[in-house]
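Every number here is computed from the coordinates shown, using simple stated rules; none is lab data. Here the structure is a predicted model, which means the values were calculated and not measured. Neighbour counts are summed over all protein chains in view; Cβ atoms, including those assigned to glycine, are modelled from backbone coordinates with ideal geometry.
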Amino acid sequence: MIAVNFDVATIVLKELEELRKNRYILSTMASFPLIFSIAIPLIYLLTIPMNLTKSDVAMLFGHVPDFEALSPRQIVVYFLVQSNLPFYLLMPGLMPTLISSYSMVGEKKNGTLEPLLATPVSSQDILFGKTMAAVIPAVLITWISFLIYAILIDAATFNSFGYILLPNGIWLVAVFITAPLLAILSVYATVLVSSRMTDVRASQQVSAVIVVPIMAVFVLQLFGMITLDTLTLVVVSIGLLIVDVVLIRAGTALFKREEILTKWG
């Protein structure tokens, strides 16, 4: 077990070092907290009109708790704060795809995967190490982004509401349970796609399978057509866990060094 842990840790450190050299991925990852945790909330916090009436926000009834007790502007602020939640599922769904596609297809294309496969490290440890090297940065960026978002929102709204808006139950489930499960799904889906791709950008198209449903949820929620709640996210997380188990088994079965050397690419 110690040898396995050492092998996995070595691979994770190697992958993270390679990631540090990839300016495209680093700049993409850095853009998420800047856009979703700072720019977007500042835009709507600074542009919401002060003279809203109850009739202006009537369509939000049923989507905001304590609707009657809140002022019209508070209702809009609360609604927009909660509506940004899908962005924090987008991050762990998209970032691991960028990292793992370069790790799998990029190394195969550049001829650097074969030397790793020639080592005594098992295929399972190689795959697990590469998975963790993609999941850990994505989840950490998501958590850091949420922390920045929560601090900014609470600092800007505490005087108005008299209490902090974040974190709450649904955000805790989304960020600390659903997000890591999405990151794992993203990696193993990329492994399956990468086995048939020779181009990094082509293998990244798997991200669309994850991004489109998440953005659909954001749009539907923004227009008041659906409302995410804690129970819904718990059910979604259970579903993701089941899908992850299936994908992990499929990815592990597919990640055979003989097949990679002879068939991948």
**Prompt:** Any idea how far apart ALA253 and LEU220 come out in nm if each label point goes 7 Å out from Cα toward Cβ?
**Reply:** 3.1 nm
**Request:** Provide the gained length on full extension for the span SER160 to THR10, in nm with one decimal, where the gain is 0.36 nm per separating residue minus the Cα-Cα distance.
**Result:** 49.0 nm
**Asked** LEU192 to THR53: FRET efficiency via 1/(1 + (r/R0)^6), r the Cβ-Cβ distance, R0 45 Å, to the nearest 0.05?
**Response** 0.30
**Prompt:** What GluC sites (Glu not before Pro) in segment 1-97 are in a loop by DSSP, with at most 10 other Cβ atoms within 10 Å of the Cβ?
**Reply:** none
**Request:** With a 10 Å radius around each residue's Cβ, average the other Cβ atoms per peptide and rank 24-35, 147-158, 164-175, highest first.
**Result:** 164-175, 147-158, 24-35
**Protection proxy ranking of 218-228, 181-191 - average other beta-carbon atoms within 10 Å, highest first** = 181-191, 218-228
**Prompt:** If the chain between LEU46 and THR227 were fully stretched, how many nm would it gain, using 0.36 nm times the residue separation less the Cα-Cα distance?
**Reply:** 62.7 nm
